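Here's the structure, in structure tokens; my notes come after.
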Amino acid sequence: MGLVLAKYQKVIDWISENIDSGSLKSGEKIPSENELCDMFGLSRQTIRHAIQKLSEEGLLESRRGSGTYVADQCADDSNKSVVAVVTTYVDDYIFPSTIRGIESTLSSKGYSMQLSFTNNTTGKERQILEDLLERSDVAGVIMEPVKSALPNPNIGLYRKLIDKGMKFLFINSYYPELDMPHVSINDEECAYRAVKALAAAGHKSIGCVLKLDDGQGRERYRGYLRAMTECGLSFTYDHVNWIDTIDIKDGKRALSRVKERLRDCTAVFCYNDLVAGLLMQVLTDDGLKLPRDMSVIGMDDSDMAKIGVGGMTISSIPHPKARLGEKAAQNMIRLIHSTGKFGNATYEFTEDVILRQSVRDIR
């Protein structure tokens, strides 16, 4: 059964990617069943499964005696043409590009975007959700969770909105209590690749500094553990450091205790470039020579990583930013037009490590 699903998923992915890229446009006829059978070497039954699935998601429509066409996903004439976009912050280096990606994609399909911010607090999140319960003009919500690794008091409000028929798509992370789609980077795989890159450079004692209160930190820890285990490297909790949102705002002072737990390490994987940069400053202030005494990898490939700390550029894994925003908007539009459940709306980006001056090869 799994093999059949994997085969028809290839057809779904191919058609979806061609629609997203514009190679297949609204109203355009897709290849016939026979042509798709030849392209993928699959049976007509498998091809029909894929087409049925995409039709349920609102991507395709069949016309009797004519074939199957790409459905028009533009906003209709009803009063529901608004997509609410809710993020934690606006001043973070990721969000401006992500929001631009969302807005440009929504506007191209006739949807307007209403932007709100939770400031990463459940209180503000609750206010926004309660407002959404009273509205009738919102077609869907693209939402960034608040402290998604912690129990959330607003889960009941999400369920009320879902019962009301509201379409939700989470970005960057998700609430594990809710069976809802998300668009994010594959945090576990990206962290795995970062730690593998450090191991490939000869490092055997590798620590980490991760964020305690969001789901990205949890998944990146999974990737760290998987890489350490696969590489046969010894693991100790002494080298695992957890910080939270307040710690990051507190700057270098909050990371001063981290340096003590990394004394025996030659390399460290950090939650993001901001944390990596702060830690590099702390270690340098403590007299360490980087990367001779400590190699560092972050995530997001921000301007800080490219400019560097003290003239040293930071190795990092890119965040898709605008591409993530575009994909989130595309998938939200699919949800709005879908007659099925969530279909193909979850998507995770996988990125590769960019090695720079902050990593030393000690082989």
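Considering every residue within the range 13-35, establish whether at least one is surrounded by 19 or more Cβ atoms within 10 Å (Cβ to Cβ) and either in contact (Cβ under 8 Å) with a residue 60 or more places away in the chain or part of a strand (DSSP E or B) (or both). Within the range 13-35, one or more residues are surrounded by 19 or more Cβ atoms within 10 Å (Cβ to Cβ) and either in contact (Cβ under 8 Å) with a residue 60 or more places away in the chain or part of a strand (DSSP E or B) (or both). Looking across VAL83, VAL90, one residue alone is aliphatic (A, V, I, L, M) and modelled with pLDDT of 85 or more. It is VAL83.
Within the range 219-254, count every residue that is of a type outside the set (A, V, I, L, M, F, W, C), out of contact with any strand residue (DSSP E or B) (no Cβ under 8 Å at 6 or more places or on another chain) and modelled with pLDDT of 95 or more. Count: 7.
Applying the criterion of being part of a helix (DSSP H, G or I) and free of Cβ contacts under 8 Å to residues at least 12 places away in the same chain to the residues of the range 233-249, the residue that is farthest from ASN120 (Cα to Cα) is TYR237.
Any residue in the range 315-324 that is assigned to a loop (DSSP other than H, G, I, E, B) and in contact with a Leu (Cβ under 9 Å, 6 or more places away or on another chain)? Checking the range 315-324: not a single residue is assigned to a loop (DSSP other than H, G, I, E, B) and in contact with a Leu (Cβ under 9 Å, 6 or more places away or on another chain). Scanning the range 250-286 for residues that are more than 22 Å from ASP361 (Cβ to Cβ) and either outside any helix (DSSP H, G or I) or of a type in the set (Ser, Thr, Tyr) (or both) yields GLY251, SER256, TYR271, ASN272, ASP286.
Among the residues of the range 57-114, write down those that are part of a loop (DSSP other than H, G, I, E, B), of a type in the set (A, V, I, L, M) and crowded, with 17+ Cβ neighbours inside 10 Å.
LEU59, ALA71, ALA75, ILE94
For every residue, the table says whether it meets (1) among the charged types (D, E, K, R); (2) part of a helix (DSSP H, G or I); (3) surrounded by fewer than 21 Cβ atoms within 10 Å (Cβ to Cβ); (4) in contact with a Pro (Cβ under 6 Å, 6 or more places away or on another chain).
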{"site": "GLN330", "(1), (2), (3), (4)": "no, yes, no, no"}
{"site": "ILE336", "(1), (2), (3), (4)": "no, yes, yes, no"}
{"site": "ALA345", "(1), (2), (3), (4)": "no, no, no, yes"}
{"site": "GLU348", "(1), (2), (3), (4)": "yes, no, yes, no"}
{"site": "ASP352", "(1), (2), (3), (4)": "yes, no, yes, no"}
{"site": "ARG356", "(1), (2), (3), (4)": "yes, no, yes, no"}
{"site": "ARG363", "(1), (2), (3), (4)": "yes, no, yes, no"}
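Quick one: is MET280 touching a Gly at 6+ places or on another chain (Cβ under 8 Å) and at pLDDT below 95? For MET280, the condition - touching a Gly at 6+ places or on another chain (Cβ under 8 Å) and at pLDDT below 95 - is not met.
Being within 29 Å of the chain's Cα centre (by Cα) and not assigned by TED's automatic domain parsing to the domain that holds PHE168 is the requirement here; does SER55 meet it? So SER55 fits the description; yes. Might you let me know whether the range 57-69 holds any residue that is within 30 Å of ILE246 (Cβ to Cβ) and among the charged types (D, E, K, R)? The answer is no; no qualifying residue exists.
Would you check which residues across the range 116-133 are over 16 Å from ASP213 (Cβ atoms) and in contact with a strand residue (DSSP E or B) (Cβ under 8 Å, 6 or more places away or on another chain) and list them? The answer is SER116, PHE117, ILE128, LEU132. Loosely packed, with under 14 Cβ neighbours inside 10 Å, under 24 Å from GLU348 (Cα atoms) and not polar (S, T, N, Q): does that describe ASP131? The answer is no for ASP131.
Screening the range 178-209 for residues that are in contact with a strand residue (DSSP E or B) (Cβ under 6 Å, 6 or more places away or on another chain) and assigned to a helix (DSSP H, G or I) and picking the one that is nearest to TYR224 (Cα to Cα) gives VAL195.
Taken as a whole, the range 223-232 holds no residue that is polar (S, T, N, Q), assigned by TED's automatic domain parsing to the domain that holds ASP303 and either crowded, with 22+ Cβ neighbours inside 10 Å or more than 30 Å from GLU177 (Cα to Cα) (or both).
The residues listed here are GLU230, GLU219; of these, the one that is farther than 16 Å from MET299 by Cα and touching a residue at least 12 places away in the same chain (Cβ under 8 Å) is GLU230.
The values are calculated or read from the model by the stated rules, or taken from the named source; none is laboratory data. Quick caveat, the model's predicted, so the values are computed rather than measured. Neighbour counts are summed over all protein chains in view; Cβ atoms, including those assigned to glycine, are modelled from backbone coordinates with ideal geometry.
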